[in-house]
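Participant: Below is the structure I would like to discuss, written out as structure tokens.
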Amino acid sequence: MVEMITQVNNAVNGVVWGPFGLALLFCTGFWMSARTGFFQFRKMGYWLRHTIGAIFTNKDITAHTSKEDMAISQFQSMCTALAGTIGTGNIVGVATAIVSGGPGAIFWMWVMAILGMMTSFSENVLGVYYRRKNEKGEWSGGAMYYLTDGLGAKKGCRQIGRVLAVLFACFCILASFGIGNMSQINSISGNMNAAFGVPTLVTGLCLMVVTALIVIGGLKRVAAVTEKLVPLMALFYVAGALIIVVMHAGNIPAALAAIFKGAFNLNAAGGGALGYGISQTITWGFKRGAFSNEAGLGSAVMVNSASNVKEPVHQGMWGVFEVFADTIVVCTLTALVILTTGVVDLESGAVLAGVQDNALVGQAFTVAFGSFGPKFIAVSILLFAYSTTLGWSHYGTKAVEYLFGQKGTRVYKVIFVGMVVVGATMKLGLAWDLSDTFNGLMMIPNLIGVLVLSGIITVLLPKSMKGETEAAPLPTADPAGTRLVAPLPYAGAGDSGSQNAQTLNWGTVGPQRQTADTGYTYTALPAKPAALPEFGRVDTSWFADAAFLGDSLTAGFCANEYNIDVGGALICGYEGISPNTVVNRTTVTSPDRGEEVPLDVLAAAQPAKLYILIGTNALVQPGNDDSFLAYYGKMLDDLRTALPDTTFYVQSVLTATQEKVSDSLPGLAPDRLAVINAAIQQLCAERGCYYLDLNAEFADDAGYLQTDFSQPDGVHLTVSGYSKWVSYLCTHVPYSKNNPYQAGSTYYLSDDMKNLLNDIP
């Protein structure tokens, strides 16, 4: 049985960590680099300034969140992500690459890291873009969510997205026990025993107790430890490595020459019998590079998504820095330590007799530090490997949460803590090999998601350079409401009986140019009034570059519903949706296009104008005002992030007829909606959105929906109601130098007068 498992695992491992998997990693990194204009080079100063540089200039980067806020700081997320990636791979992995692929393998580690920067960037952007809040108020993000909500929103990919998300989560859980726990602890216990004589059981028990105290306390406690541990271990190891490199500075040119020569030398010896050409050199460089920084595996995304960052691209830049720090800095120093101390023959790539892997690094430190060298490495591995264990505890927790909910995470943490002792005292063998395979299997569904959703990243990237949006308060639970479904088109008493709306015709109404005889006049208004008043008229061509977002009321504009003429605008109308539907990126059905995620459709379209009417479904019953408004504000913020150049027109929530309110929809009573709509107007004022009091247009003297424009259900509009709606929108447009119509006027401003309005956008 064991032999069969071994054979199967070897076959699968040969695929995920063989030419196929490594080619997929390489191509994804290159593709994302090309699509972003090689952002890692072109904007190097920018991302360094906004990541590691910001730590010293912006206190918000390191400031802890409040007790009530379950998010962690950007610095904590970076430290926890680095804790998960900076591990034994930075010491043992580099040595293995040199032993097996020769010094030239380091060059290919660099190549994989450079391309991996944009893979890491992309997955972190998607992680923040598709993240959501769990019942504890924590951010939950990662490949599971952008596979489910992103890939799953593509036509015909709903089930594929969910299956890949489940597979990713399962592989992550299994890898967290192996490569994230037992293998790391095993390295620690072995080195502590060899260097200091500490029994493996003692090491295991001590680490189990510490792990229990940290991990069971949740992400905030893990982050509180890693933000202190990671800088300490980095400075400790980097300082020691730099001392050795400086001591052997005269050998640096020869070491670098060996790296570049070996990278392209078809006869590279790299470890004697194991080094058989450039393919072996490239393979080991790529493999150890990916193993070291984990870019493309989707692991670090789960902690990066938990930060209090406001903008997806900003968190993506932290992903770039993490790969840079892990491979370009730490792994390079390890390589130089090995290659400058003479423990490796730079010409042949042969290693000193009897020395391999982690002992190779220990031998290099022994050359400089004597007997202290192995002890230094033992302490370094203790810090590196244990930090990896802490990082992976969170990854596994989030994967379990996705599959089983919060209750499952408690069981997982107990098992994870218990595995610490197992890892410290047992010969791992097959367990190590299996965990290595599961680790590699994570990358396949993750990279599929990154490639399919790469268009979103290219949309967000250039927009983010223009500034960041403000965050809105988030509720901890979705508001509940009755799903309202639009009935068949109904003409109503005031219509001619036609089931189809007619094209809006303004007749002869149009602007007339002002003259010197009559004088030139205009009314100055705030650039962004919260409540947009009536101005002169535009025709429906105004909506040609617009989009409409809403529930079944907005769905009436769709060609497959009422087919209301709005100048060819993009209609995103979906039955039963509420603000939380947009925030959580739930897949819904468009009458015209089928299943889709509204935010993704809008992000791809980038309309110049967006008209929003959402809220009826969440408000039909009273009692959830605070939650509704929190979701509404977050919806506006998410839309602003995705559509930074779009002008927003937010329409007030419509009431229902008096009969319907009294019968079954008390939440739509005029007095309640007056409060809700006033709060929405305030949200618009805070966010620079135009507010349109559409409800006032349709309300009767008592504040209820006029029956003349209502269908028999008392909520939805007749065709004449839609005509009235369009007429309202055509007469409520911003006053600007490009649209100089005035309230109650047909006058047109001259070009000279337009020049006086330059302060109006």
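Participant: Once R0 is set to 30 Å, what does the formula 1/(1 + (r/R0)^6) return for the Cβ-Cβ distance between Asp625 and Glu686, expressed as a FRET efficiency to the nearest 0.05?
Facilitator: So, using R0 = 30 Å, E works out to roughly 0.95.
Participant: Please give the net charge around Ser73, taking every other residue with its beta carbon less than 9 angstrom from that of Ser73, where Lys and Arg add +1 and Asp and Glu add -1.
Facilitator: Value of the local net charge: -2.
Participant: If you bin the C-alpha pair distances of the stretch 2-460 every 20 Å from 0, what whole percents do you get?
Facilitator: With 20 Å bins starting at 0, P(r) equals 27, 61, 13, 0.
Participant: Moving to a separate point now. How high is the relative contact order of the stretch 533-757, in percent, with contacts defined as C-alpha pairs under 8 Å that are six or more residues apart?
Facilitator: Relative contact order of the stretch 533-757: 22 percent.
Participant: How large is ³J(HN,Hα) for each residue in the stretch 218-234, as worked out from phi by the Karplus curve 6.51 cos²θ - 1.76 cosθ + 1.60 (θ = phi - 60°), to whole Hz, x for Gly and Pro?
Facilitator: These are the phi-based 3J(HN,Hα) values: x, 4, 4, 6, 4, 5, 5, 7, 5, 5, 9, 6, 5, x, 4, 5, 5 Hz.
Participant: Here's something else I'd like to know. Rule-of-thumb check for the stretch 56-134: C-alpha Rg over 2.2 N^0.38 Å?
Facilitator: After normalising by residue count via 2.2 N^0.38 Å, the value is 1.48.
Participant: Roughly how large, in nm² to one decimal, is the mean projection of the convex hull of the alpha-carbon atoms in the stretch 621-746?
Facilitator: Convex hull of Cα atoms, orientation-averaged projection: 9.3 nm².
Participant: What ranking, highest mean first, results for peptides 694-703, 165-174 when packing means the other Cβ atoms within 10 Å averaged over each residue?
Facilitator: My ranking of the peptides, most packed first, is 165-174, 694-703.
Participant: Next question, about the same structure. Would you mind calculating the relative contact order of the stretch 2-460 from Cα pairs under 8 angstrom and at least 6 residues apart, reporting the percent as a whole number?
Facilitator: Dividing the mean separation by the residue count of the stretch 2-460 yields 35 percent.
Participant: Then there's this: Contact order normalised by length for the stretch 629-702, with contacts defined as Cα pairs under 8 Å and 6 or more residues apart; what percent is it?
Facilitator: On the way: 58 pairs, mean separation 30.7, N = 74.
Across the stretch 629-702, relative contact order equals 41 percent.
Participant: Report Rg(Cα)/(2.2 N^0.38 Å) for the stretch 633-683, keeping two decimals.
Facilitator: Normalised Rg, Cα atoms only: 1.46.
Participant: Take each of the peptides 641-651, 151-161, 125-135, average the number of other beta-carbon atoms within 10 Å over its residues, and list them starting from the highest.
Facilitator: Top of the packing list down: 125-135, 641-651, 151-161.
Participant: Expressed as a whole percent, how much of the Cα-Cα distance distribution for the stretch 533-757 exceeds 23 Å?
Facilitator: 47
Laboratory data are not the source of any read-out in this text; all were calculated from the coordinates shown. Predicted, not measured: the structure shown is a model, and the values here were computed from it. Quick reminder, even Gly has a Cβ in these numbers, built from the backbone with ideal geometry, and neighbours come from all protein chains shown.
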